[in-house]
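J.: To start, I am sharing the structure in question, which I have written as structure tokens.
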């Protein structure tokens, strides 16, 4: 497998970034749910600190993924798609990127507005994104929560479309993002 994308297949770097972000998103859901269930105390603080660090990692990986996408060829959508399906595919991808940026940024803003530091795995501390402000904290907390459900919805649509392409339409849309898939034929 080549590192760079081609017009027929996602390259190794794009695939690695895609699947790493997927794994980290699943990790985020688990970490957030564990943290929410913990009583107030150091364990809860530590779990949310991990959640924030993973969120920042996703943000950086999403930026790299988007830059890579802009500088490499991308496999086109199948010619069999109707115009509205092409539009939906593009909107879904744009929404995914927007949410991959918005979720960690609103989390960072929320934490800063609450007056808590944000560090990356305790290796270095990031500057406060905004000054301490209780009203802003409440707004960012609600925004972050709503965006999480938007991300669940868009991710579900993305997965459902990939599975439809693979099992119903029987095209190569999913296979060209799988590292182990062989070219058909």
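The values are calculated or read from the model by the stated rules, or taken from the named source; none is laboratory data. Just so you know, these numbers come straight off a predicted model, no measurement behind them. So basically every Cβ, Gly included, is an ideal-geometry build from the backbone, and we count neighbours across all protein chains shown.
J.: Tell me yes or no: at least one residue of segment 140-148 is surrounded by fewer than 16 Cβ atoms within 10 Å (Cβ to Cβ), over 15 Å from residue 55 (Cβ atoms) and within 22 Å of the chain's Cα centre (by Cα).
T.: Yes: segment 140-148 contains one or more residues that are surrounded by fewer than 16 Cβ atoms within 10 Å (Cβ to Cβ), over 15 Å from residue 55 (Cβ atoms) and within 22 Å of the chain's Cα centre (by Cα).
J.: Kindly provide the set of residues from segment 121-133 that are on the phi > 0 side of the Ramachandran plot and surrounded by 12 or more Cβ atoms within 10 Å (Cβ to Cβ), ordered by number.
T.: 121
J.: Okay, next question. Before we move on, is residue 44 touching a residue at least 60 places away in the same chain (Cβ under 8 Å) and closer than 22 Å to residue 122 by Cβ?
T.: Considered against the rule, which asks whether it is touching a residue at least 60 places away in the same chain (Cβ under 8 Å) and closer than 22 Å to residue 122 by Cβ, residue 44 comes out as no.
J.: Looking at residue 118 and the list (1) under 30 Å from residue 175 (Cα atoms); (2) touching a residue at least 60 places away in the same chain (Cβ under 8 Å); (3) surrounded by 14 or more Cβ atoms within 10 Å (Cβ to Cβ), which single condition is not satisfied?
T.: Condition (1) is where residue 118 drops out.
J.: Starting from segment 134-163, take each residue that is without any contact (Cβ under 8 Å) to a residue 40 or more places away in the chain and at negative phi and list its partners that are surrounded by fewer than 17 Cβ atoms within 10 Å (Cβ to Cβ) and outside any helix (DSSP H, G or I), counting only C-beta distances under 7 angstrom and pairs at least six apart or across chains.
T.: Short answer, once both residue conditions are applied: 136/130.
J.: Name the residues in segment 41-62 that are closer than 9 Å to residue 104 by Cα and either touching a strand residue (DSSP E or B) at 6+ places or on another chain (Cβ under 6 Å) or surrounded by fewer than 15 Cβ atoms within 10 Å (Cβ to Cβ) (or both), would you?
T.: 52, 56
J.: Is it the case that some residue within segment 98-111 is touching a strand residue (DSSP E or B) at 6+ places or on another chain (Cβ under 9 Å), modelled with pLDDT of 95 or more, buried (at least 16 other Cβ atoms within 10 Å of the Cβ) and not in a helix (DSSP H, G or I)? Steps first, please.
T.: Going through segment 98-111, the residues touching a strand residue (DSSP E or B) at 6+ places or on another chain (Cβ under 9 Å) turn out to be 107-108, 111.
Remaining after also requiring modelled with pLDDT of 95 or more: 107-108, 111.
Next, only the ones that are buried (at least 16 other Cβ atoms within 10 Å of the Cβ) stay: 107-108, 111.
Keeping just the survivors that are not in a helix (DSSP H, G or I) gives none.
No: segment 98-111 contains no residue that is touching a strand residue (DSSP E or B) at 6+ places or on another chain (Cβ under 9 Å), modelled with pLDDT of 95 or more, buried (at least 16 other Cβ atoms within 10 Å of the Cβ) and not in a helix (DSSP H, G or I).
J.: Within segment 112-129, count every residue that is in a loop (DSSP other than H, G, I, E, B) and either over 20 Å from the mean Cα position of the chain (by Cα) or farther than 16 Å from residue 45 by Cα (or both). Don't jump to the end; show me each part of the working.
T.: Of the residues in segment 112-129, the ones in a loop (DSSP other than H, G, I, E, B) are 115-117, 121-123, 127-129.
Checking which are either over 20 Å from the mean Cα position of the chain (by Cα) or farther than 16 Å from residue 45 by Cα (or both) leaves us with 115-117, 122-123, 127-129.
Of the residues in segment 112-129, 8 are in a loop (DSSP other than H, G, I, E, B) and either over 20 Å from the mean Cα position of the chain (by Cα) or farther than 16 Å from residue 45 by Cα (or both).
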